[in-house]
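Each remark here refers to the structure printed beneath this line.
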Amino acid sequence: MVILFVRGQKREIYGQVTLSGFLNYIDGLWSSCGDERIIIFTTNRKDKLDPALIRPGRMDVHIHMSYCTPSGFRVLASNYLNITEHEHFEEIENLLSEVDVTPAEVAEQLLKNNDPDAALCGLIEFFDVKKKELEALARLKEEKAARKKERNEKKQQEDELKKQQEDGTN
């Protein structure tokens with residue numbers, strides 16, 4: 001399903017949507033009226049998109065939405081907490097280099113409390129939880145890779161044994 005918003009109204013396209021059909025629809029939006037249009041596409045995998053979709057004329061501006069940076073954090077702290085300096089800034093900036101978080105996640109944490117001390121302490125706790133979650137995921141991936149390696153080695157040994165047995169009977 002493709003969801004489009006045209007003139008503030010939601011339009012849903014169900015069923016099989018081909019690239020050609022989608023491009024025709026988009027081009028039809030552009031040509032349907034003399035007004036300028038802004039169409040927003042989002043993706044986590046720009047590299048997987050067809051070049052016909054992202055060519056100039058269809059998508060003229062590409063904005064990379066990165067993880068939160070120290071300067072981005074300072075802007076958010078200024079906007080949400082009305083502060084430009086705080087004793088926790090250095091610790092938070094160090095945590096930003098260790099853990100990938102989006103500006104939206106940081107903003108969500110800063111919105112939880114109007115008191116800068118409490119909000120920043122809450123953000124530090126959020127980083128700690130996220131860091132532990134990422135470490136646990138990394139451990140699970142390592143364990144899964146080790147199990148897969150064991151299975152592959154066992155299968156290889158079984159295949160070699162089977163081949164030896166076949167060679168012995170021939």
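Tabulated values for the structure
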| read-out | value |
| --- | --- |
| Average Cα contact separation per residue, the stretch 77-131, under 8 Å, 6 or more apart, as relative contact order % | 40 percent |
| ³J(HN,Hα) computed for each position of the stretch 84-99 - Karplus, 6.51 cos²θ - 1.76 cosθ + 1.60, integer Hz, glycine/proline x | 10, 9, 6, 4, 8, 4, 4, 4, 5, 5, 5, 5, 4, 7, 9, 10 |
| Cα shape, the stretch 103-170, gyration tensor, a/c 1.5 rule | prolate |
| When each of K48/K141; K10/K112; K132/K155; K48/K112 is checked by Cα-Cα distance, pairs over 28 Å | K10/K112; K132/K155; K48/K112 |
| Sequence-separation-based contact order of the stretch 75-170, relative, with Cα cut under 8 Å and 6+ spacing, percent | 23 percent |
| Within the accessible area of the chain (1.4 Å probe), percent carbon and sulfur | 51 percent |
| For the chain: accessible area per residue (Å², 1.4 Å) | 78 Å² |
| Mean separation of Cα contacts under 8 Å, 6 or more apart, over the residue count of the chain: relative contact order % | 13 percent |
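The values are calculated or read from the model by the stated rules, or taken from the named source; none is laboratory data. Owing to the predicted nature of the structure, the values given are computational and were not obtained by experimental measurement. SASA here: full protein model, heavy atoms, side chains in, ligands and nucleic acids out. Shrake-Rupley method; radii C 1.70, N 1.55, O 1.52, S 1.80 Å.
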